[in-house]
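The structure appears right after this line, and notes come after that.
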């Protein structure tokens with residue numbers, strides 16, 4: 001069974017075009033939000049944090065980047081597959097010679113690429129406000145790509161699962177957003193009291209933020225291999241779930 | 001010798017909850033023909049199409065397209081199958097030409113703007129190619145659906161209620177489009193509620209009800225087998241009995257003897273001949289009739305009769 005490269009590219013291109021129809025809102029919103037976080041949190045908390053000589057602005061840049069990556073990847077991919085379901089246009093995907101590989105490359109690839117573009121814009125914006133550097137640029141890029149792909153896969157699963165706009169928002173808003181805020185975006189886990197440090201350890205986003213921060217600062221709460229390992233495991237679990245969905249037709253075929 | 005392009009054997013679909021939408025459907029479609037699948041709402045038409053096109057997972061049976069098993073070679077076979085669904089389903093905010101290009105690409109075809117232009121022009125959409133789909137009229141949107149289905153040049157095209165809810169002018173326009181596709185050798189399976197559409201377009205007709213195919217035959221053969229002529233002879237003075245000379249004909253009296261009703265024939269003209277014979281016999285016997293109404297049964301009458309007699313089998 002041959003891979004339908006043109007089919008995958010057609011979906012990828014169509015998704016990117018759809019996302020770029022709202023490009024100004026898509027770019028302006030994270031740029032403004034990131035700027036506000038850097039200015040407000042920097043002014044409010046920066047003085048009080050003991051970060052071992054690291055500037056607070058530089059400390060929170062990886063966390064803010066992760067916040068955007070998680071929310072944008074998830075919402076782009078979930079919206080991308082949910083809309084054809086909502087409008088009925090999913091019939092074309094189901095009747096076309098495209099399988100799970102082409103679909104994932106198309107939908108998830110496009111969502112991940114948009115997240116990466118936003119990540120670059122956020123890093124550019126942050127560089128105008130704070131002085132930061134990236135200790136391991138290639139590792140940082142690899143990790144950002146890994147996170148964008150993983151959470152685009154999660155978004156794709158959410159989009160398939162959702163049968164209404166409310167469900168589409170539940171996980172990004174009620175799960176991912178709080179976990180990210182509690183996941184060390186604005187503070188090191190070591191700054192928490194004993195029991196809260198233990199509680200924080202069960203928050204998976206802690207490892208994501210920590211991993212990205214390590215590639216920026218060369219230091220973080222956990223060793224880099226823990227973060228990489230956890231993210232790869234998450235990616236594989238998402239792929240397995242999507243494979244099962246396509247095999248059984250769950251929420252796709254009657 | 002007709003060459004089968006689609007061969008469905010024992011197709012079954014039972015939905016969760018136990019609703020049996022397809023109950024052992026056997027159907028063969030030949031290359032180059034237009035086949036009309038008739039049936040009331042819920043008969044199984046859309047489920048049958050969905051089973052071939054990938055939206056529905058059959059629970060039993062075999063589908064062969066171009067002589068190959070669809071279940072195992074779907075990726076290759078679907079490149080040559082097109083579908084125009086009943087609902088208008090696309091990204092309303094996108095432009096016409098982009099949506100048509102997208103469809104062509106998704107089916108694995110190389111970009112070909114000349115072909116896209118040809119498709120759009122044939123559907124009178126070229127001038128609207130850069131319009132957002134949401135800005136088009138209902139009829140134009142339906143044409144976009146057809147353009148999307150034709151963009152990858154399918155050999156086998158499913159049209160699910162292509163003219164549902166469109167005005168008469170557009171319906172006739174659609175029929176012309178379907179005729180053009182037939183001339184290009186595309187095999188077309190259309191489902192419809194409009195019997196007139198089947199009469200106008202189809203080479204063969206199938207009737208489905210409760211997930212079972214009740215009848216499949218050439219349109220003219222169906223008319224010959226199941227067509228009827230009905231004639232009403234009305235009299236000023238009632239007849240006491242049917243004249244003995246008419247005993248060989250399928251006639252009976254109604255309305256107190258003032259109306260002699262003939263129901264017979266086979267759709268080949270036999271009914272009209274018998275009505276003429278009855279008129280001549282009545283005239284010879286001096287029985288004066290004041291009026292005569294005749295009508296030939298249509299495919300619609302046959303369809304309704306079939307649905308009322310669900311035991312009739314193919």
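With respect to residue A:87, is the statement that it is free of Cβ contacts under 8 Å to residues at least 24 places away in the same chain and within 12 Å of chain B (Cβ to nearest Cβ) true?
yes
What's the total number of residues in the range B:163-190 that are within 14 Å of the chain's Cα centre (by Cα) and surrounded by 18 or more Cβ atoms within 10 Å (Cβ to Cβ)?
Final tally of qualifying residues: 8.
Working only within the range A:4-26, note down all residues that are touching a helix residue (DSSP H, G or I) at 6+ places or on another chain (Cβ under 6 Å) and either under 30 Å from residue B:71 (Cα atoms) or more than 14 Å from every other protein chain (Cβ to nearest Cβ) (or both).
A:4, A:6, A:7, A:8, A:10, A:11, A:12, A:14, A:15
Please specify each residue of the range B:18-58 satisfying the condition of being within 11 Å of chain A (Cβ to nearest Cβ), more than 26 Å from residue B:298 (Cβ to Cβ) and not in a strand (DSSP E or B).
Correct list: B:19, B:47, B:50, B:51, B:52, B:53, B:54, B:55, B:56, B:57, B:58.
Taking the stated definitions as given, is residue B:114 farther than 22 Å from residue A:85 by Cβ, surrounded by fewer than 15 Cβ atoms within 10 Å (Cβ to Cβ) and out of contact with any helix residue (DSSP H, G or I) (no Cβ under 9 Å at 6 or more places or on another chain)?
Judged against the criteria, residue B:114 is a match.
Could you name every one of the strands (runs of 3 or more DSSP E) located completely within the range B:185-287 that has at least 3 residues being more than 19 Å from residue B:43 (Cβ to Cβ)?
Ranges flagged: B:229-234, B:251-254, B:259-264.
So how many residues does the range A:218-254 have that are closer than 30 Å to residue B:19 by Cβ and more than 14 Å from every other protein chain (Cβ to nearest Cβ)?
Residues flagged as closer than 30 Å to residue B:19 by Cβ and more than 14 Å from every other protein chain (Cβ to nearest Cβ) within the range A:218-254 amount to 4.
Would you confirm, using the coordinates I've provided, whether residue B:225 is at pLDDT below 85, in contact with a strand residue (DSSP E or B) (Cβ under 6 Å, 6 or more places away or on another chain) and surrounded by fewer than 20 Cβ atoms within 10 Å (Cβ to Cβ)?
Answer is no for this residue.
Only one of (1) in a helix (DSSP H, G or I); (2) over 18 Å from residue A:108 (Cα atoms); (3) within 14 Å of another protein chain (Cβ to nearest Cβ) is not met by residue A:45, so which one is it?
Only one criterion is unmet by residue A:45, namely (3).
Being away from chain B (no Cβ under 14 Å), touching a helix residue (DSSP H, G or I) at 6+ places or on another chain (Cβ under 7 Å) and part of a helix (DSSP H, G or I) is true for just one of A:141, A:128, A:153. Which residue is that?
A:153
What about residue B:11, is it in a strand (DSSP E or B) and in the same structural domain as residue B:211 (by TED's automatic domain parsing)?
Taking the combined requirement at face value, the residue satisfies it.
Being farther than 30 Å from residue B:54 by Cα, in contact with a helix residue (DSSP H, G or I) (Cβ under 8 Å, 6 or more places away or on another chain) and either within 14 Å of chain B (Cβ to nearest Cβ) or assigned to a helix (DSSP H, G or I) (or both) is true for just one of A:98, A:108, A:147. Which residue is that?
A:147
Pick out the one residue from A:52, A:57 that is assigned to a loop (DSSP other than H, G, I, E, B), surrounded by fewer than 21 Cβ atoms within 10 Å (Cβ to Cβ) and away from chain B (no Cβ under 14 Å).
A:52
Among (1) part of a helix (DSSP H, G or I); (2) surrounded by 16 or more Cβ atoms within 10 Å (Cβ to Cβ); (3) modelled with pLDDT of 75 or more, which single condition is residue A:17 missing?
(2)
Residues A:197, A:169: which one is within 23 Å of residue A:69 (Cβ to Cβ) and surrounded by 13 or more Cβ atoms within 10 Å (Cβ to Cβ)?
After ruling out the rest, the residue left standing is A:169.
Residues that are closer than 26 Å to residue A:77 by Cβ and out of contact with any strand residue (DSSP E or B) (no Cβ under 7 Å at 6 or more places or on another chain): does the range A:40-57 have at least one?
No.
Among the residues of the range A:21-28, is any over 17 Å from residue A:125 (Cα atoms) and exposed (fewer than 14 other Cβ atoms within 10 Å of the Cβ)?
Looking through the range A:21-28, at least one residue is over 17 Å from residue A:125 (Cα atoms) and exposed (fewer than 14 other Cβ atoms within 10 Å of the Cβ).
Search the range B:59-74 for residues being part of a strand (DSSP E or B) and in contact (Cβ under 8 Å) with a residue 24 or more places away in the chain, and hand back the single one that is surrounded by the most Cβ atoms within 10 Å (Cβ to Cβ).
Looking at residues that are part of a strand (DSSP E or B) and in contact (Cβ under 8 Å) with a residue 24 or more places away in the chain, I get B:65.
Does residue B:76 satisfy the criteria of being out of contact with any helix residue (DSSP H, G or I) (no Cβ under 7 Å at 6 or more places or on another chain) and facing another protein chain (nearest Cβ under 10 Å)?
In short, yes.
May I ask you to list the residues in the range B:85-101 that are assigned to a loop (DSSP other than H, G, I, E, B), more than 7 Å from every other protein chain (Cβ to nearest Cβ) and surrounded by 17 or more Cβ atoms within 10 Å (Cβ to Cβ)?
Correct list: B:86, B:88, B:94.
The values are calculated or read from the model by the stated rules, or taken from the named source; none is laboratory data. A quick note: this is a predicted structure, and the numbers were derived from the prediction, not measured. Glycine gets a Cβ as well: all are built from the backbone with ideal geometry, and neighbour counts include every protein chain shown.
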